[in-house]
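Structure first, then comments.
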Amino acid sequence: RGADVVVAGEGEVTLVELLDTMSGASGRGGSGGAGRSTAEGTGDRTGRLKSVAGLWIRDDDGRAVRTGTRPIIGDADALPLAAWDLVDVERYRSIWRARHGYFSMNVVTTRGCPYHCNWCAKPIYGQRYTARSPEKVVDEMAWLKATYQPDHLWIADDIFGLKPGWIERFAALVQSRGAAIPFKCLLRADQVTDSVARALRAAECRTAWIGAESGSQRILDAMEKGTRVDQIATATRLLHEAGVEVGFFLQFGYPGEIREDIDRTLAMVRTCAPDDIGVSVSYPLPGTTFYQRVQAQLGQKRNWVDSNDLEVMYHATYVPDFYRALHALVHSEFRARRAADALAQVVARPWTFTRRHARAAVHVAYHRVQVSLLRRRLSRLAGLTAAAPPTGLIPLLTPDAAAVPTDQSSLK
Ligand code: SF4
């Protein structure tokens with residue numbers, strides 16, 4: 001039962017040292033798996049494992065103890081490529097195509113994020129941010145394209161291309177090497193300039209997801225997000241003008257959020273017209289400032305056990321059903337608008353009418369009815385809240401300070 005050894009944090013170097021130590025390849029001795037019963041005593045094994053930094057192990061009394069600190073890998077270019085040779089790529093491809101109609105693979109170009117959003121859990125990297133060079137990333141893309149011909153890439157970074165000029169250099173290399181693969185990535189709104197938007201398009205970015213979170217500046221400031229509502233609108237406009245689709249991550253229920261803030265978020269979605277949305281309720285993840293500040297309200301509730309995607313774990317302004325109805329309303333409004341956009345195109349060019357447009361007409365009618373019903377339900381549920389709204393959390397950083405990434409040279 002349980003684990004004998006846990007690799008904590010970045011695992012690449014630690015895991016190799018651990019395996020070498022266990023197998024004896026490191027010269028530190030070895031006698032099989034850490035948990036196996038062998039002639040070697042527990043004390044010997046613990047002694048050897050203690051010399052490997054970056055582990056949690058059991059000491060001689062069975063208590064969990066941490067070995068030395070494993071330094072963060074500073075040179076991300078030194079890491080080897082993902083071991084796709086260990087994956088049955090043809091099977092992976094056929095499952096992707098059957099489910100989604102295309103085949104997508106993953107690439108990672110950075111690790112960590114130096115910003116301060118107080119609900120965002122960053123247990124491994126903290127405030128660190130390391131990036132591979134555009135040259136190495138494009139090498140990998142060229143190799144993936146030649147070897148597996150994926151239809152799409154998900155660039156699975158917290159923030160793609162944060163370093164000034166990185167995205168522009170990346171785009172130039174993608175073009176000169178013929179390495180383009182349509183991709184999606186995550187950006188902050190304050191990153192998007194005209195030059196970044198055009199470079200993303202040139203590199204064949206299909207969709208840029210933005211952590212918009214809220215259309216209320218008051219709530220963004222309380223989250224220590226460090227972005228402004230007008231930046232979200234500008235980023236969306238620039239990306240759309242460049243021909244890049246935009247996804248918004250939205251979050252409701254942050255402490256202190258009231259109906260007015262929610263209406264601002266709904267208005268932002270209507271005005272900016274993103275091409276996709278992801279909606280969640282604020283979630284106190286252990287290790288975050290947000291968690292510490294609402295911990296007392298969690299009571300017996302435990303993360304992942306007593307929660308689901310739309311469960312507000314702490315004392316929120318409205319009853320839980322309010323947030324479920326809100327989630328449904330945002331999606332219904334979004335779908336009604338998307339279907340109406342598709343219909344507007346066919347009205348302008350009637351000879352392009354297909355069954356897809358007939359379905360869109362049904363969707364518009366259905367979602368408009370839904371929107372009207374959900375708005376009424378939302379108003380009724382908002383009225384059910386008896387207690388005074390909880391006070392908002394006072395941010396530790398000013399909005400200006402939250403907009404400045406942590407200076408990497410200040411980190412040990
Ligand atoms: S920008 Fe904020 S939400 Fe995004 S990864 Fe960084 S700290 Fe987390």
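Which value in deg cm²/dmol, rounded to the nearest 500, describes the helix-derived mean residue ellipticity at 222 nm for the chain, given -39,500 (n - 2.57) per DSSP H run of n ≥ 4 and division by the residue count? All intermediate terms of the calculation are to be shown ahead of the outcome.
Working: 13 runs with 175 residues, N = 412.
Value at 222 nm, helices only: -13500 deg cm²/dmol.
Please list Tyr125, Tyr254 from largest to smallest accessible area, probe radius 1.4 Å, with all protein chains kept in place.
Details: Tyr125 55, Tyr254 0 Å².
Solvent-accessible surface, decreasing: Tyr125, Tyr254.
Among Val13, Phe249, Val294, pick out the residue whose Cα is farthest towards the positive end of the charge dipole of the chain, where Lys and Arg carry +1 and Asp and Glu carry -1 on C-beta, about the Cα centre.
Phe249
Evaluate Rg over Rh across segment 336-388, taking Cα atoms for both radii and Kirkwood's formula for Rh.
Details: Rg = 16.7 Å, Rh = 12.9 Å.
Rounded to two decimals, Rg over Rh is 1.30.
Using a 1.4 Å probe, what is the accessible area per residue for the chain, in Å²?
Details: 21080 Å² over 412 residues.
On a per-residue basis, 51 Å².
If each residue of separation counts as 0.36 nm, what is the full-extension length gain between Ala233 and Tyr366 once their alpha-carbon separation is subtracted? Provide the component values of the computation, followed by the final result.
Details: separation 133, 0.36 × 133 = 47.88 nm, distance 2.84 nm.
Once the chain is fully extended between Ala233 and Tyr366, it gains 45.0 nm.
Under the 0.36 nm per residue contour assumption, what length would be gained going from the current alpha-carbon distance of Val87 and Glu241 to full extension?
Working: separation 154, 0.36 × 154 = 55.44 nm, distance 3.84 nm.
Using 0.36 nm per residue and subtracting the Cα-Cα distance, I get 51.6 nm.
Which number gives the lysine pairs in the chain that have C-alpha atoms under 21 Å apart and are eight or more places apart or on different chains?
Step by step, the pairs that qualify in the chain add up to 10.
Give the distance, in whole Å, between the Cα centre of segment 146-223 and the Cα centre of segment 334-363.
29
For segment 121-168, compute Rh as the Kirkwood radius over C-alpha pairs and then the Stokes-Einstein diffusion coefficient at 20 °C and 1.002 mPa s; write the answer in µm²/s, rounded to an integer. Mind showing how you got there, number by number?
On the way: Rh = 12.7 Å.
This corresponds to a translational diffusion coefficient of 169 µm²/s.
Nearest 5 percent is fine: what portion of the DSSP beta bridges confined to the chain is antiparallel? Walk me through the numbers on the way to the answer.
Details: 10 of 32 bridges.
Of those bridges, close to 30 percent are antiparallel.
Pull out the extension gain between Arg177 and Ala401, defined as 0.36 nm times the separation in residues minus the alpha carbon to alpha carbon distance; nm, one decimal.
Values: separation 224, 0.36 × 224 = 80.64 nm, distance 3.94 nm.
Contour length minus the Cα-Cα distance gives 76.7 nm.
For the chain, just the Cα atoms, rotate onto the principal axes and tell me the three extents in Å, largest first.
77, 59, 42
The values are calculated or read from the model by the stated rules, or taken from the named source; none is laboratory data. What you see is a predicted model; the values in this text were computed from it and never measured. Cβ: placed from backbone, ideal geometry, glycine included. Neighbour counts: every protein chain shown. Just the protein is used for accessible areas: all its heavy atoms, side chains included, with ligands, DNA and RNA removed. Shrake-Rupley method; radii C 1.70, N 1.55, O 1.52, S 1.80 Å.
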